[in-house]
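Single-structure report; data block below.
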Amino acid sequence: MTPAGERSGSAVLAVYVNSGKPFLTPNVGVRYGLKGEATVVEVAPGKYLFALLDDQRTPELAMQTWLPSLPKKQWDDVDAVFQTIQDARETRPVPREFYPLLVTFGNLGNPASVREVKP
């Protein structure tokens, strides 16, 4: 929400899960990862807000966004949770405590001008 009204953006990302026990690292349980780019929203003319993805935190964000809608018997089945997420064709609000890091730049041409934006 901005003084001029609501703004939105989207990005495509892939979250992957490996819940098997890899041959070379038998003590490893579930491994997560993600591929994608930051979401960028123009919140005012020439002013942009970036939602930065985090390879460690984004899979948890996905889980916490979708887990409450699943039957409790599925909550411990990581494969079932991610299959549900993969099959979904709808949007969900992200719980505030799982918002990604939000930043803006005083000058898009100067990476040192980055500033965190509190939700």
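If each of Ala38 and Trp66 carries a label point 7 Å out from its Cα toward its Cβ, how far apart are those two points in nm? Modelled inter-label distance: 2.6 nm.
Thr2 contributes about 20 Å² of solvent-accessible surface, heavy atoms of the protein only, 1.4 Å probe. Model label points for Val12 and Tyr99, set 7 angstrom from Cα along the Cα-to-Cβ axis, are 2.8 nm apart. Length gained on full extension, Arg89 to Glu116: 6.6 nm, using 0.36 nm per residue less the C-alpha separation.
The values are calculated or read from the model by the stated rules, or taken from the named source; none is laboratory data. Since the structure is predicted, the reported quantities are computational estimates derived from the model, not experimental observations. Ideal geometry is used to build each Cβ from the backbone, glycine not excepted, and the neighbour counts take in all protein chains shown. Please note that ligands, DNA and RNA were not included when accessible areas were found on the heavy atoms of the full protein model with its side chains. Shrake-Rupley method; radii C 1.70, N 1.55, O 1.52, S 1.80 Å.
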